[in-house]
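What follows is a single structure, written as structure tokens, with notes after it.
Please treat every number below as a calculation from the coordinates, not as lab data. Just so we're clear, the structure is a prediction, and the values are computed from it rather than from any experiment. Neighbour counts are summed over all protein chains in view; Cβ atoms, including those assigned to glycine, are modelled from backbone coordinates with ideal geometry.
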Amino acid sequence: MPSRFLLALLILTTALLNGCSYFKYPDIHKVTVQQGNIVNQEMVDQLRPGMTRSQVRYILGTPLLMDTFDQDRWDYYYSIQRPSQEEVREKITVFFDGNILSHFSGDYLPSSLKKPDTDGAETSEEQTPPSPTELEANAPTPVQ
């Protein structure tokens with residue numbers, strides 16, 4: 001009788017230890033987790049004030065978040081978690097005035113607004129990004 005009790009205890013202990021992450025096995029594959037909309041610099045460079053909602057949706061895809069109370073704001077989020085690395089999060093918010101793109105903000109700027117590298121020399125004065133009206137004045141009109 002005591003041998004059955006010891007056998008049951010041994011099986012129970014083995015099952016519990018297998019369910020836990022008590023032992024770290026080096027050959028276990030960890031998955032890269034991607035969430036949200038992939039937005040890159042080429043996509044942002046195509047955005048121009050004056051575009052319609054359908055043109056923006058064609059370039060960036062369906063937004064991850066559409067505010068129920070503010071229909072003129074679309075949010076695009078993207079995160080990726082690679083094994084043994086820090087999580088990368090990127091976001092861009094697009095604002096409309098009616099059916100027309102007025103401006104956008106987020107982790108990406110259009111390439112035309114980025115200041116070129118000056119071989120490591122830093123300038124003492126910071127440039128402020130142009131306002132949405134300045135962007136709109138310099139942007140070509142979209143073809144519908």
Let me check I've understood the local charge: for MET43, count other residues with C-beta under 14 angstrom from its C-beta, Lys and Arg +1, Asp and Glu -1. What total comes out? -1
Whole-Hz Karplus ³J(HN,Hα) for segment 82-98, in order, using 6.51 cos²θ - 1.76 cosθ + 1.60 and θ = phi - 60°, x for Gly and Pro? 8, x, 6, 9, 6, 6, 9, 10, 9, 8, 8, 10, 10, 10, 10, 10, x
For segment 59-70, in residue order, the Karplus 3J(HN,Hα) values (coefficients 6.51, -1.76, 1.60; θ = phi - 60°; whole Hz; Gly and Pro = x) are 6, 9, x, 5, x, 6, 10, 10, 5, 5, 8, 10
For the residue pair ASN40 and LEU65, what label-to-label distance in nm results when each label sits 7 Å from Cα along the Cα-to-beta-carbon direction? 2.5 nm
Which of THR93, THR32, THR68 has the fewest other C-beta atoms within 10 Å, and how do the rest follow up to the most? THR68, THR32, THR93
Tell me, in nm to one decimal, what length is gained between THR13 and SER105 on full extension, where the rule is 0.36 nm per residue of separation less the Cα-Cα distance? 27.6 nm
Over the C-alpha atoms of segment 32-107, what are the Rg and the largest Cα-to-Cα span, Dmax, in Å? 13.2, 44
